[in-house]
Every structure is written in C-alpha cells, then in structure tokens.
Amino acid sequence: MLIGALLLLTWLALLLRYPQKALPLSLAAVLGLGLVATWVAWQDTREAAQLARLDLRLSYAPDGCPADRPLQVRMKNANAAPLSELRWRIAAYAPGDTVNLAESTYSAPRYRGPGELQAGAEWSDCLPLPPLRSGYRAQTLEFRAEHLQGRFAN
C-alpha cells in the first residue's frame, strides 16, 4: 500500500515537472494496461461460457454406487474444445430452499472431474457425500455443483 502511494506520488511529480516526456509514456502505459485488462476479461468470459456449456448432474444413488461414495455424477462436455481440468464444490439444498446444507470444512472432500474429457463425450462416477449439517438426510436433499473452475484445451 505504501509502495503504491509512493509510486503514484512519484509519477505525479514527474508528470508535473516534465510533462512533455512523462505524458506520452503515461498514455502508453495506460494503453498497455487497458489492453492487458481487455484480454484478461475476454479470457474470463470465454471460460465462463465454456463452463456453462458443461452438463453436470448430481444425484443421490446409494443403489448404483458403493456405500462410501453414494453420490453419482454425470457430465457431458457440450463444448467444441476438450476439457483438461475441472474442480467444483458440492452444495446440498432442501427442496425449495436456498440455504446450503453442506458444511465446507477443511476435511471436506475435494471434487475433481476426469483428467481429459473430449468434446461431446460423457463421464460418470460415484463420489463421497460432503459433510451435511446435523439433522438432514442425504436422500431428502438436492445436490448441485457450484464454484466450477476449469480449463479447456485450445
């Protein structure tokens, strides 16, 4: 914070003392920062659009999955690019409610997708349940994947 304020004061002093040299350099620096910010924003919106095209469904399926991993996940990559990496958190909601009933503790399981999922391909697996608040049973809850973070091959 102090270094930033010092840099700003130095830049202002140089701009006032040598305006003919400092102004073109300042404009070039602002233009460069603007280009970098535009590129980062474009990458972020592109990644968000690709993540939105993933069809990720979670269901409690104790009959079709092992006892220690009763949560079934099915995912389809509807993108034109292969999925390289995917991470997410699981939230649990009572039907019609907006309060997340899954506790996010340090010991909660980390959820990751397949290493590589080609465009148009499907993947399914069984996952462990997140720790739930006391008094709630998994069979009465709806599970959703939230906070998706992923990377796609170019």
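The values are calculated or read from the model by the stated rules, or taken from the named source; none is laboratory data. All values reported here derive from a predicted model rather than from experimental measurement. Neighbour counts run over all protein chains shown; Cβ positions are idealised from the backbone, glycine included.
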Evaluate the following for THR45: is it of a type in the set (S, T, N, Q) and at pLDDT 90 or above? yes
Residues that are out of contact with any helix residue (DSSP H, G or I) (no Cβ under 8 Å at 6 or more places or on another chain) and more than 17 Å from ALA145 (Cβ to Cβ): which strands (runs of 3 or more DSSP E) entirely in segment 1-119 hold 1 or more of them? 83-93
Are any residues in segment 85-122 among the aromatic types (Phe, Trp, Tyr) and under 19 Å from the mean Cα position of the chain (by Cα), and if so, which ones? TRP88, TYR106, TYR111
Looking only at residues that are in contact with a Pro (Cβ under 8 Å, 6 or more places away or on another chain) and exposed (fewer than 14 other Cβ atoms within 10 Å of the Cβ) in segment 67-103, which one is modelled with the lowest pLDDT? GLU103
Please work out which one of (1) over 22 Å from TYR136 (Cβ atoms); (2) surrounded by 10 or more Cβ atoms within 10 Å (Cβ to Cβ) is the condition GLN20 fails and give its number. (2)
Which residues, taken from segment 104-114, are more than 11 Å from PRO131 (Cα to Cα) and surrounded by 10 or more Cβ atoms within 10 Å (Cβ to Cβ)? TYR111, ARG112, GLY113, PRO114
Hey, any hits in segment 123-144 for a residue that's in contact with a strand residue (DSSP E or B) (Cβ under 9 Å, 6 or more places away or on another chain), over 19 Å from SER84 (Cα atoms) and among the basic types (Lys, Arg)? yes
Restricting to segment 1-17, and then to whatever is surrounded by fewer than 10 Cβ atoms within 10 Å (Cβ to Cβ) and small (Gly, Ala, Ser), can you tell me which residue is nearest to the chain's Cα centre (by Cα)? GLY4
